[in-house]
Amino acid sequence: MKQPSFASITLKTAAVHTVTYFIVGVLSFVLLDYSAKYADPAVANFVRQTDHPLVMAGPFFQILRGLLFGIVFYALRESIFPHRRGWLTLWLALAVIGILSPFGAAPSSIEGMIYTVLPAWFHIINFPELFIQSGLLAFLTHYWVNHPEKRWLNGSLGVVTAIVVLLSLLGALSAFGILS
């Protein structure tokens, strides 16, 4: 198999991350009632409320995060993409480094549980969203990179990414009062 290019891996990762972040985030928002959870007095001073313009713009900024993930995926490409279950290796890395053990005291991380005053329920409630989205990111990126002949993926994920970014940007501009 021909080695995937830097552009291929980073752009595909950015698209997959943006789309999975948005879809899993919307489902979690609705199913887990994030509006109420984030408004809880124990949490409200730590996180922006769900109707804040920057929260609405969140999916727009995921392109940048996806590109950063893509840089790392490219550096690890020989350990991930040639292997049938490479997506599991990728998911494990995302889960351990990105969720459970980041260098900061992030919610749902070991450091966050130790050093923040956020209640335990807040850390735990985030696990389904975090593990599902990172798993989808790993699986779909691995699949797409390993199946460049699947042209429908290029078109569909490209269009959905553009729609997510555009809607996010329009929602934020509207919330800031720019598109009234």
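The values are calculated or read from the model by the stated rules, or taken from the named source; none is laboratory data. Model, not experiment: these values are computed from the prediction. Methodologically, a virtual Cβ is constructed for each residue, glycine included, from the backbone with ideal geometry; neighbour enumeration extends over all protein chains shown.
Based on this model, can you work out whether LEU118 counts as touching a residue at least 12 places away in the same chain (Cβ under 8 Å), more than 20 Å from HIS147 (Cα to Cα) and more than 19 Å from the chain's Cα centre (by Cα)? So LEU118 fits the description; yes. Just wondering, is there one or more residues in the range 73-80 that are of a type in the set (Asp, Glu) and under 29 Å from ALA162 (Cβ atoms)? So far as the range 73-80 goes, no, none of its residues is of a type in the set (Asp, Glu) and under 29 Å from ALA162 (Cβ atoms). Right, PHE81: at pLDDT 95 or above, within 19 Å of VAL16 (Cβ to Cβ), crowded, with 19+ Cβ neighbours inside 10 Å and not small (Gly, Ala, Ser) or not? It is true that PHE81 is at pLDDT 95 or above, within 19 Å of VAL16 (Cβ to Cβ), crowded, with 19+ Cβ neighbours inside 10 Å and not small (Gly, Ala, Ser).
Taking the condition touching a Leu at 6+ places or on another chain (Cβ under 9 Å), touching a residue at least 12 places away in the same chain (Cβ under 8 Å) and either more than 22 Å from SER134 (Cβ to Cβ) or in a loop (DSSP other than H, G, I, E, B) (or both), does VAL43 pass? In short, yes. Screening LEU90, LEU76, LEU54 for residues that are more than 30 Å from LEU173 (Cβ to Cβ) and touching a residue at least 24 places away in the same chain (Cβ under 8 Å) leaves exactly one candidate, LEU90.
Within the range 143-180, the set of residues being small (Gly, Ala, Ser) and either closer than 15 Å to SER8 by Cα or surrounded by 13 or more Cβ atoms within 10 Å (Cβ to Cβ) (or both) comprises GLY155, SER156, GLY158, SER168, GLY171, ALA172, SER174, ALA175.
Mind checking whether some residue in the range 134-142 is surrounded by 18 or more Cβ atoms within 10 Å (Cβ to Cβ), touching a residue at least 24 places away in the same chain (Cβ under 8 Å) and farther than 15 Å from TYR21 by Cβ? Within the range 134-142 (the criterion being surrounded by 18 or more Cβ atoms within 10 Å (Cβ to Cβ), touching a residue at least 24 places away in the same chain (Cβ under 8 Å) and farther than 15 Å from TYR21 by Cβ), the answer is yes, since at least one residue qualifies.
Of the candidates GLY86, GLY155, GLY104, the single residue that is within 25 Å of ASN45 (Cβ to Cβ) and not basic (Lys, Arg) is GLY104.
This table checks each residue for (1) farther than 20 Å from THR116 by Cβ; (2) surrounded by 13 or more Cβ atoms within 10 Å (Cβ to Cβ); (3) modelled with pLDDT under 90.
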position	(1), (2), (3)
THR18	yes, yes, no
TYR21	yes, yes, no
PRO41	no, no, no
MET56	yes, yes, yes
ILE63	yes, yes, no
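Those helices (runs of 4 or more DSSP H) of the range 83-180 in which at least 3 residues are of a type in the set (Phe, Trp, Tyr), considering only elements entirely within it, cover 127-146. One residue stands out in the range 66-78 among those that are closer than 20 Å to PHE22 by Cα and touching a Phe, Trp or Tyr at 6+ places or on another chain (Cβ under 9 Å): the one that is surrounded by the most Cβ atoms within 10 Å (Cβ to Cβ), namely GLY66.
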